[in-house]
Each structure stands twice: as C-alpha cells, then as structure tokens.
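So the structure is just underneath, and the comments pick up after that.
The values are calculated or read from the model by the stated rules, or taken from the named source; none is laboratory data. The structure presented is a predicted model; accordingly, all values stated were derived computationally and were not measured. Glycine gets a Cβ as well: all are built from the backbone with ideal geometry, and neighbour counts include every protein chain shown.
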Amino acid sequence: MWEAYFFKGRNCAPYFDANLGCIGVGPVRRTDWMNDMKILALEYKIPGVAAERFKQHANAEALRIWELHQQGVIRELHFRADRNEVVLALECETVESARQALGTLPMGKNGLIYFELIPLKAYPGFERLFHTTESERA
C-alpha cells in the first residue's frame, strides 16, 4: 500500500485522507520516529554577510527546509518576532543527526548562518502531583 514512487528526483508516496482515499503523491515520510528526541534549533546569522548572499540561496533554502519538513525531521518552524532568524523544532534520534540534517541547508553550507542546538526532554515536574498522598499535597 505504501509503495514508493519516484517523482521529480525524490522518493515519494501517496498521501491518504480517511474520507477521500489517495489525494496526492509527495515525499516519503519517516516512520522511524518512535525513539526521536525533540531538538530546538536557533538560527544565527554570521555577522557581516551581505544581504545579497542570502537572496542568492533563499529558494534553495526554502526547498530544502520543505523537504526536511515533509520527511518529519523539521516538525515546526517559526521566525523570531524580535529579529529575522528562524527557530526550528526537529525530531531526530540524536543531536548529531539534527546537526547533520541542518548541515544540508544551503545557507549553512555557504557560511551564512549557524545553529545552536538545544536537546529537550519532557517536563518532569508534574510527577510530584501523582506520587504523593492527599495529605502531602495539602
């Protein structure tokens, strides 16, 4: 059912909707995400880089980010409200695999940006609500 297709040079598979069935063909999504960790990536521009250099790589950058998003590597992407830099939420097996994925972005490869990677874990604070007696919570 999920056989891969080759479409414009990319591995692709059909998209399904519960009501409509197959509604299109797109990049193959990752299915090995069960052991992934969430990693926050903060983009920083290299100081002194001319704006023209960013424009030169903008389309290729957007395409590669879209591909990583479709693969399930980049799960969220936002621009900061205080400056024109991106914040990404990735799901990868390790910080190193996140670094390797971000290393495929054209702006990083061409020395325009770099990322600070922050591994995240689930908030453990709620546990204390469920491992105490009623008298201890009062």
Report summary line: In the set Gln56, Gln70, the lone residue that is farther than 13 Å from Phe115 by Cβ, in contact with a strand residue (DSSP E or B) (Cβ under 6 Å, 6 or more places away or on another chain), surrounded by 12 or more Cβ atoms within 10 Å (Cβ to Cβ) and not small (Gly, Ala, Ser) is Gln70
Query - Selection from segment 84-101 of residues that are more than 21 Å from Ala51 (Cα to Cα) and either aliphatic (A, V, I, L, M) or modelled with pLDDT under 90 (or both) - result: Leu88, Ala89, Leu90, Val95, Ala98, Ala101
